[in-house]
1. Does Leu198 qualify as being modelled with pLDDT under 75 and under 30 Å from Met130 (Cβ atoms)?
2. May I ask you to verify whether Phe174 is exposed (fewer than 15 other Cβ atoms within 10 Å of the Cβ), modelled with pLDDT under 70 and hydrophobic (A, V, I, L, M, F, W, C)?
3. Does the stretch 209-227 contain at least one residue that is touching a helix residue (DSSP H, G or I) at 6+ places or on another chain (Cβ under 9 Å), of a type in the set (A, V, I, L, M, F, W, C) and either assigned to a helix (DSSP H, G or I) or surrounded by 13 or more Cβ atoms within 10 Å (Cβ to Cβ) (or both)?
4. Six or more apart or on different chains, Cβ under 6 Å: which pairs go from a residue in the stretch 31-59 that's over 15 Å from Phe71 (Cα atoms) and at pLDDT below 85 to one that's of a type in the set (Ser, Thr, Tyr) and outside any helix (DSSP H, G or I)? Could you list them?
5. List, please: which pairs have Cβ atoms under 6 Å, are six or more places apart or on different chains, and start with a residue in the stretch 111-140 that is modelled with pLDDT of 80 or more and part of a helix (DSSP H, G or I) and end with one that is surrounded by fewer than 17 Cβ atoms within 10 Å (Cβ to Cβ) and of a type in the set (D, E, K, R)?
6. Please specify each residue of the stretch 23-66 satisfying the condition of being charged (D, E, K, R) and surrounded by 11 or more Cβ atoms within 10 Å (Cβ to Cβ).
7. Condition test on Ile72, is it in contact with a helix residue (DSSP H, G or I) (Cβ under 9 Å, 6 or more places away or on another chain) and either surrounded by 17 or more Cβ atoms within 10 Å (Cβ to Cβ) or on the phi > 0 side of the Ramachandran plot (or both)?
8. Here is a list of conditions, (1) out of contact with any Phe, Trp or Tyr (no Cβ under 6 Å at 6 or more places or on another chain); (2) on the phi < 0 side of the Ramachandran plot; (3) not in a helix (DSSP H, G or I), and Thr3 meets all of them except one; can you say which number that is?
Amino acid sequence: METLLYIFSNAFRIYVFYDFSKVFFVKKRENINKYIILMGYIFFFSVNTLCELFYHTIFINILSNLLPFFFISTFYDERALRKLIGGVSIFGIGMFCDGVVFLVSQKLNFTSVVISSSMITVLFFFLCEMLIKNSVKKPNFITMPIAFSYYLSLFFIPTGSIVVGSLIITKLDFTSIVTAIFLFLLNGVVFYLYNGILHTYSEKYENKILRQSVESYRNEYKYLFESNTKIRVLKHDMLNHLNTILNFIEKGDIEKAKKHIISASNFIARKSQL
């Protein structure tokens with residue numbers, strides 16, 4: 001029974017790896033589709049689970065995590081440094097969660113199947129992943145204001161699942177397995193729906209920003225068009241004034257030329273204030 005619970009926990013952990021990788025891996029290669037990526041994570045899960053069950057050593061555990069994950073990273077058209085940072089970051093956070101759960105369980109002298117099967121560790125890893133993923137801004141992404149209640153739900157749903165699992169799953173039986181599966185499914189489905197709703201509102205917010213930008217550009221173009229029209233009218237009036245002044249000078253009527261220059265200057269000043 002504990003092995004079965006571990007398999008379900010590890011399956012959910014691999015899902016967390018997949019969701020977490022979206023922070024670092026954005027652009028897939030042209031010949032890679034979602035089914036190839038799915039097969040890659042199934043391979044990841046199979047290798048990691050078998051190695052953990054039959055070769056329970058730290059070295060094998062690290063290799064069975066790193067090698068399949070870096071193999072999956074080849075499906076994405078990202079720089080090698082970004083892949084390395086992504087892999088190290090995800091596994092570093094996973095090891096941090098392992099350490100925190102171990103230390104807390106030792107401090108509280110709490111021994112339970114939810115600890116030995118890695119269920120609590122996986123849910124804690126999921127909590128950290130959701131908080132980090134929703135705090136990181138992706139490139140070329142218009143940030144939408146998010147209500148504080150959303151972040152509260154990110155914290156309380158996995159945390160509540162950890163508490164419920166610790167209180168209910170006290171022994172290995174059919175009820176415990178069903179409860180664990182239900183908690184994992186509850187977390188996965190709830191956050192899948194949350195992400196879908198957030199994506200929908202993000203698109204609406206982005207469209208709103210784009211409409212505001214288009215309206216701003218339209219007003220700017222209208223202002224430039226009106227300014228250009230005024231400049232053309234002013235240019236035409238200036239030519240008329242210059243021709244009139246030239247005619248006065250050719251006739252030797254300097255006084256009228258001076259008066260017209262003063263009149264033209266006042267005219268230009270009034271036009272400049274409009």
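1. Working: modelled with pLDDT under 75: yes; under 30 Å from Met130 (Cβ atoms): yes.
It is true that Leu198 is modelled with pLDDT under 75 and under 30 Å from Met130 (Cβ atoms).
2. No.
3. Residues of the stretch 209-227 that are touching a helix residue (DSSP H, G or I) at 6+ places or on another chain (Cβ under 9 Å), as a first pass: none.
No, because not a single residue in the stretch 209-227 is touching a helix residue (DSSP H, G or I) at 6+ places or on another chain (Cβ under 9 Å), of a type in the set (A, V, I, L, M, F, W, C) and either assigned to a helix (DSSP H, G or I) or surrounded by 13 or more Cβ atoms within 10 Å (Cβ to Cβ) (or both).
4. none
5. If the second residue must be surrounded by fewer than 17 Cβ atoms within 10 Å (Cβ to Cβ) and of a type in the set (D, E, K, R), the pairs left are Thr121/Asp98.
6. Within the stretch 23-66, the subset charged (D, E, K, R) is 27-30, 34, 52.
Matches in the stretch 23-66: Lys28, Arg29, Glu52.
7. On the way: in contact with a helix residue (DSSP H, G or I) (Cβ under 9 Å, 6 or more places away or on another chain): yes; either surrounded by 17 or more Cβ atoms within 10 Å (Cβ to Cβ) or on the phi > 0 side of the Ramachandran plot (or both): yes.
So Ile72 fits the description; yes.
8. The number of the failed condition is (3).
The values are calculated or read from the model by the stated rules, or taken from the named source; none is laboratory data. Quick caveat: nothing in here was measured; it's all calculated off a predicted structure. Ideal geometry is used to build each Cβ from the backbone, glycine not excepted, and the neighbour counts take in all protein chains shown.
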